[in-house]
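The values are calculated or read from the model by the stated rules, or taken from the named source; none is laboratory data. Predicted, not measured: the structure shown is a model, and the values here were computed from it. Here the Cβ is made from the backbone with ideal geometry for all residues, glycine too, and neighbour counts use every protein chain on show. To get the accessible areas, we keep the full protein, side chains included, count just its heavy atoms, and leave off ligands, DNA and RNA. Shrake-Rupley method; radii C 1.70, N 1.55, O 1.52, S 1.80 Å.
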Amino acid sequence: MEEKIKKIDQDLLKEVSDLENMKKGAYNIRKNGEGIERKVTDNVNIITKTDKPGIDIHVKENTKLEWIHIPVILTESGRNDLVYNDFYIGKNANVIIVAGCGIHNDHHKDSRHDGIHRFFLEEGAKVKYIEKHYGEGKGDGKRILNPVTEVFLKQGSSMEMESSQIKGVDSTIRETKGELGKNTNFTVSEKIMTHGKQFAKTIFEVQLNGENSHAHVTSRSVATEESKQFFESRIYGNHKSFAHSECDAIIKDQAKVTATPEITANHVEANLIHEAAIGKIAGEQLIKLMTLGLSEKEAEEEIIHGFLK
């Protein structure tokens, strides 16, 4: 791996992926629109698509606790990268998938990555999916990330998704869709922070189609300076089901956050809940930390860190 990846690439990979665990399992590294490194295992096969950019990842049934890493890095200013990745998870398999994108832009042209990921889980399959986004660079060219995640859960399967935007992303539209079958569970946890004039929009849409399907969506965000954030959640209870959607946000300066919940019960035994809370840092929290010797700025940073932890 080291021969093909430069120092700047390694730094990006450290931000969005776990290099030690990457070497233990299957992985595919994409740089500036091309795959540059790949490893498959006895249980995980990765195949390059022939009809469009992207890969197909096939996990054998009964695979237990294997790691799969599919990081993307962009270091060319002006690069627009689009990729389609499909995951086929076999019956009763249990895997951890780490995907993320890091953009380094030192120039004036915008750099953009759009990743469309689809997950097809067979009966009893379990997936933990970790997605990290990060931007850096001295140039005034924007760093743009637009991830789309589509999840299809068959009977008895479950997926846990952890999504985080670390820093440095100028614009992002994050869209997650789920179609849940009988006795399935879909848990989503999002953490995001914006500053300057950054823009972030999150869209969740979950269809609870199967009996005893469950969904739990949690979004925690911090918006500072003149940044703007939008949160949309649409959950449809089409059978006996349960869903809980929660949006908590802290705002500072001239930042703006809008939360728009939509819950629709199409079945008499659909139990759907939405909660939203947006506000500034509580004064008593600041005072408590400042009595311990922290400055106001340090106290704010400590509260924000704990909120997003």
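For the stretch 68-79, enumerate the residues that are surrounded by fewer than 20 Cβ atoms within 10 Å (Cβ to Cβ) and touching an Asp or Glu at 6+ places or on another chain (Cβ under 8 Å). Correct list: THR75, SER77, GLY78. Residues in the stretch 240-250: is at least one surrounded by 17 or more Cβ atoms within 10 Å (Cβ to Cβ), hydroxyl-bearing (Ser, Thr, Tyr), under 22 Å from SER189 (Cα atoms) and over 24 Å from the mean Cα position of the chain (by Cα)? Yes, the stretch 240-250 has at least one match.
Restricting attention to the stretch 197-235, the residues that are more than 17 Å from the chain's Cα centre (by Cα) and either more than 25 Å from LYS128 (Cβ to Cβ) or open to solvent by less than 20 Å² (accessible area, probe 1.4 Å) (or both) total 12. Being at pLDDT 95 or above and within 11 Å of the chain's Cα centre (by Cα) is a condition met by no residue of the stretch 179-187. Residues that are within 21 Å of ASN92 (Cα to Cα) and of a type outside the set (A, V, I, L, M, F, W, C) were ranked within the stretch 28-47; the one that is surrounded by the most Cβ atoms within 10 Å (Cβ to Cβ) is ASN43.
Checking each residue in the stretch 82-95 for being of a type outside the set (S, T, N, Q), surrounded by fewer than 22 Cβ atoms within 10 Å (Cβ to Cβ) and either at pLDDT below 95 or part of a strand (DSSP E or B) (or both) picks out LEU82, VAL83, TYR84, ASP86, TYR88. For the stretch 289-309, the set of residues classified as open to solvent by less than 80 Å² (accessible area, probe 1.4 Å) and not in a helix (DSSP H, G or I) consists of GLY293, LEU294, SER295, listed by residue number.
Restricting THR172, THR184, THR194 to residues that are within 21 Å of HIS108 (Cβ to Cβ), of a type in the set (Val, Ile, Thr) and open to solvent by less than 10 Å² (accessible area, probe 1.4 Å) narrows the list to THR172. When ASP253 is tested against the conditions (1) open to solvent by less than 70 Å² (accessible area, probe 1.4 Å); (2) at positive phi, the lone failure is (1).
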